[in-house]
Amino acid sequence: MNLELHPSQRRLLVVDNDHDLVDSLCEWIGLSSDWTAVPAYGSAEAIAQAGTSPPDVILLDMEMPGADGFDTAERLERASGDKHSVILALTGSADLRDAALRDARFTASILKPADPGRLLVLLSSLVPKH
């Protein structure tokens, strides 16, 4: 996947241990918008990418093996330094969705399966074009 960005492109980091979900969402967003969607297949990969090149928005699965979304969000914020990304919680649990909405690190929380069209509307409302 080509990660070179045009200055006007916005960057979305899609974090989930479900490779098929990540790949299909990244492909759909890439074809349907001016966002560059970058895959991360778990917490450690997301943290490494955010530290190297902080995205505008992080779509973060709340239930990954080895690290929950709350711990990962904290580590992502530390890794990104001065550039803080908008973090969106992604979960199949209404309880986790509600808990994320009460946590100041998360701007919004989305129930799985995420509707890609609604996700694009939300992304555009959160991060205007550069």
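No lab work stands behind these numbers, since they all come straight from the coordinates. The structure presented is a predicted model; accordingly, all values stated were derived computationally and were not measured. Because the Cβ atoms are built from the backbone with ideal geometry, glycine has one as well, and the counts that use them run over all protein chains shown.
If you put +1 on each Lys and Arg Cβ and -1 on each Asp and Glu Cβ, how big is the dipole of the chain around its Cα centre, in Debye rounded to 20?
Taking the Cα centre of the chain as origin, the dipole is about 480 debye.
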Of the beta bridges DSSP finds with both residues in the chain, what % are antiparallel, to the nearest 5? 10 percent
GNM on the chain, Cα springs under 10 Å; top mean-square fluctuation among Leu13, Leu111, Leu88 goes to Leu111
Got a sec to turn the phi values of the range 13-21 into Karplus ³J(HN,Hα) couplings, 6.51 cos²θ - 1.76 cosθ + 1.60 with θ = phi - 60°, whole Hz, x for Gly and Pro? 9, 9, 10, 6, 7, 7, 4, 5, 4
Residues whose modelled amide H sits under 5 Å from the amide H of Thr36, counting only those 5 or more places away in sequence or on another chain, are Arg10, Arg11, Leu12
Principal axis lengths of the chain from Cα atoms, whole Å, largest first? 37, 30, 26
Going by amide H atoms built from the backbone, whose H comes under 5 Å of the H on Ala67, apart from near neighbours? none
Return the whole-Å distance between the Cα centroid of the range 8-48 and the Cα centroid of the range 53-130. 12 Å
Relative contact order (%) - the chain, alpha-carbon pairs under 8 angstrom, separation at least six: 23 percent
